[in-house]
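Below is one structure, written out as structure tokens; comments come after it.
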């Protein structure tokens, strides 16, 4: 056989093999063969948990902004030099506490001057009243003309008016003197100082000395879709105290618990939402004005609901489903479910699952319809008869421990599906 014939035979073999691969290589193997190749012919280790009956809160989540109950610009009511600031920046003050003091000497001088004028006019009034008494005695003896008596009585009334005016001047001067002591009009937290000691401050200044925010109690304003108003408004109008929780921006840490305070009187036509306001005691100052939080409004509590861990929920082209474990055959089957209310840990199943059925909460990424499984307990130990240490041995333990974090990431999607 020459070289040319040898090369022709080799080429024919290669072409034939390529054609065979082209026509047969794209055909998928049987599911059982896939399972054996993916897991070496062994059952897939999974972590499962039984669906249970319990109670769950129906909530409405929304993004909210913390607002101070009252915000007050502390500014002087009279002009003067700032002599002393009593409280430090960021301190809590009570209503009526002295916050700052102005130079009071000019206003003390005005008060002394007004008081002296009052004393002078009171003396003139007293003398005029004595003259009236004498004139009346003389008139009774027909020793003086009545015209003189009338004139003296008019002078007494004039002095009485002057004394009354002087008293008003004294009260005003005393009030201006009191205004040199700047007090907190409400209880709250002081902001950064706007003016340093020694500067002249005036009542017409727009900056003021401090900005005071009342943070105990404090409010959160958030907006919910107008479609959810029908679930909230009847309960609020009936006087029911709806609970509202404030969570951090990631939705993992609860900052405070309060109650719904009021509902706005109109729907925003631009966004299709309505604003609500909730009030919190904020005793630990966990909420700060202008802070962004996740507000969670509890509308109702549903009892005897079927609950599963949120990590059990799977999503595919056919919708939402779970892997249900057949306890006798140790195989799994896909089950389409309808989601209800959810929290960060569990979700309610409205349709498609019964209490007591076991659902896969870890290891579902390797499962298919009818796949053989090997159950492991939450502590990482194999269930009786499984003969395995856990979900994939030590690796399975680490994955099981990480399951709660994974369930928290799916909370938002489950909430939308439940609505």
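Results for (1) at pLDDT below 95; (2) over 25 Å from residue 82 (Cα atoms); (3) part of a helix (DSSP H, G or I), shown as yes or no for each residue.
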residue	(1), (2), (3)
143	yes, yes, no
149	yes, yes, yes
152	yes, yes, yes
159	yes, yes, yes
165	no, yes, yes
168	no, yes, yes
171	no, no, yes
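The single condition among (1) closer than 30 Å to residue 364 by Cβ; (2) out of contact with any helix residue (DSSP H, G or I) (no Cβ under 6 Å at 6 or more places or on another chain) that residue 323 does not satisfy is (2).
Could you please let me know if residue 210 is at pLDDT 90 or above and closer than 30 Å to residue 294 by Cα? It is true that residue 210 is at pLDDT 90 or above and closer than 30 Å to residue 294 by Cα. Here residue 122 fits the description: in contact (Cβ under 8 Å) with a residue 24 or more places away in the chain, assigned to a helix (DSSP H, G or I) and surrounded by 14 or more Cβ atoms within 10 Å (Cβ to Cβ). Filtering the stretch 189-200 for residues that are part of a strand (DSSP E or B) and over 30 Å from residue 115 (Cα atoms) leaves a non-empty set. The residues on offer are 285, 294, 290, and the sole one that is within 30 Å of residue 218 (Cβ to Cβ) and part of a strand (DSSP E or B) is 294.
Among (1) within 30 Å of residue 339 (Cβ to Cβ); (2) surrounded by 15 or more Cβ atoms within 10 Å (Cβ to Cβ), where does residue 53 come up short? Answer for residue 53: the failing condition is (2). Of all residues in the stretch 324-353, those being more than 36 Å from the chain's Cα centre (by Cα) and touching a residue at least 60 places away in the same chain (Cβ under 8 Å) number 3. On the phi > 0 side of the Ramachandran plot and at pLDDT 85 or above, is that true of residue 352? Answer is yes for this residue.
The values are calculated or read from the model by the stated rules, or taken from the named source; none is laboratory data. Nothing here was measured: the structure is a model prediction, and the numbers come from that model. Ideal geometry is used to build each Cβ from the backbone, glycine not excepted, and the neighbour counts take in all protein chains shown.
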